[in-house]
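Worksheet for the structure shown next.
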Amino acid sequence: MALWSALFLFLVTVVLMEGFAYAMHRWVMHGPGWFLHKSHHRARDGHWELNDLYAVIFAVPSILMIYGALHYGWWPGFVWIGAGVAAYGMIYFGFHDVIVHRRVPTRYLPRGRYMKRIVQAHRLHHVVETREGNVSFGFIVAPRPEDLKAELKRRGRKGVRQSTVPHPSVFAED
């Protein structure tokens, strides 16, 4: 496979993974997969939560595509698709687990407009601790926080955590 074709396939896969992640988050994790994902909307006790199994579940197709293409003669494009899936997983881990949820200690503070937007959008997703009534299911592409706040308000803040909000500014007027 030509290098330019391989790189194109890799980049397209990384971009399309945001749509796949959105769909999986909205209709699987907040649907029949809630039994695993609900642990992510609760306070974590320890380093791991049941939701972490999704990382393993989503890694399996990536590993299979790369391994099959390299060892079983599958279509060579599967290496690049599998690598794109893995790259999205690493990007997601960096944004989601390191920057937003701080599961890995870091001194990084979001200062840019884009980084603040995705962090606030994800925090607004987490103020709802129930399966229904959530907003902002994507991650790398996030709606404007003002729109998410308005949607939560329109829904009567159904499912919004009453006792604690992650940050006092989540519902503050901008």
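The values are calculated or read from the model by the stated rules, or taken from the named source; none is laboratory data. All values derive from a computational prediction rather than experimental measurement. Cβ: placed from backbone, ideal geometry, glycine included. Neighbour counts: every protein chain shown. All accessible areas refer to the heavy atoms of the entire protein, side chains included, with ligands and DNA or RNA removed. Shrake-Rupley method; radii C 1.70, N 1.55, O 1.52, S 1.80 Å.
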| field | Among [x] 23.0, 85; [y] 17.8, 57; [z] 20.1, 58, the entry derived from the coordinates for Rg and Dmax of the Cα atoms in Å | value | [y]
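Kindly provide the helix-only [θ] at 222 nm of the chain, computed as the sum of -39,500 (n - 2.57) over DSSP H runs of four or more divided by all residues, to the nearest 500 deg cm²/dmol? Don't jump to the answer; show the numbers that get you there.
On the way: 6 runs with 84 residues, N = 174.
Dividing the helical sum by the residues of the chain leaves -15500 deg cm²/dmol.
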| query | Taking amide H positions as placed 1.01 Å from N in the peptide plane, with prolines and chain starts having none, which residues 5 or more places from VAL128, or on another chain, fall under 5 Å of its amide H? | reply | ARG161
| request: For TRP27, tell me the accessible area in Å² from a 1.4 Å probe, rounded to the nearest 10. | output: 150 Å²
| Roughly to the nearest percent, how much of the accessible area of the range 1-113 is carbon and sulfur, given a 1.4 Å probe? | 73 percent
| task | Find the accessible area per residue for the chain; the probe is 1.4 Å, ligands and nucleic acids are left out, and the unit is Å². | result | 62 Å²
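Highest mean first, what order results for 118-131, 138-151 on Cβ atoms within 10 Å?
Numbers: 118-131: 20.3, 138-151: 16.9.
Output ranking for 118-131, 138-151: 118-131, 138-151.
For a Förster distance of 30 Å, can you work out the FRET efficiency between the beta-carbons of ARG117 and TYR72, rounded to the nearest 0.05? Please list the in-between numbers first.
On the way: r = 43 Å, r/R0 = 1.42.
Taking R0 as 30 Å, the efficiency between ARG117 and TYR72 is 0.10.
Please state the shape class of the range 28-92: rounded when a/c is under 1.5, otherwise prolate if a/b exceeds b/c and oblate if not, all from the C-alpha gyration tensor.
Details: a/c = 3.14, a/b = 2.62, b/c = 1.20.
Prolate, since a/c reaches 1.5 and a/b exceeds b/c.
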| said: Could you give each residue of the range 45-51 its phi-based ³J(HN,Hα) in whole Hz, using Karplus coefficients 6.51, -1.76, 1.60 with θ = phi - 60°, and x for Gly or Pro? | reply: 10, x, 8, 10, 9, 4, 4
| query | Mind checking the angle between helix 3-23 and the chain's longest principal axis? C-alpha axes, 0 to 90 degrees, to the nearest 10. | reply | 30 degrees
| If you line up the long axis of helix 77-92 against the longest principal axis of the chain, both from Cα atoms, how many degrees apart are they, to the nearest 10? | 20 degrees
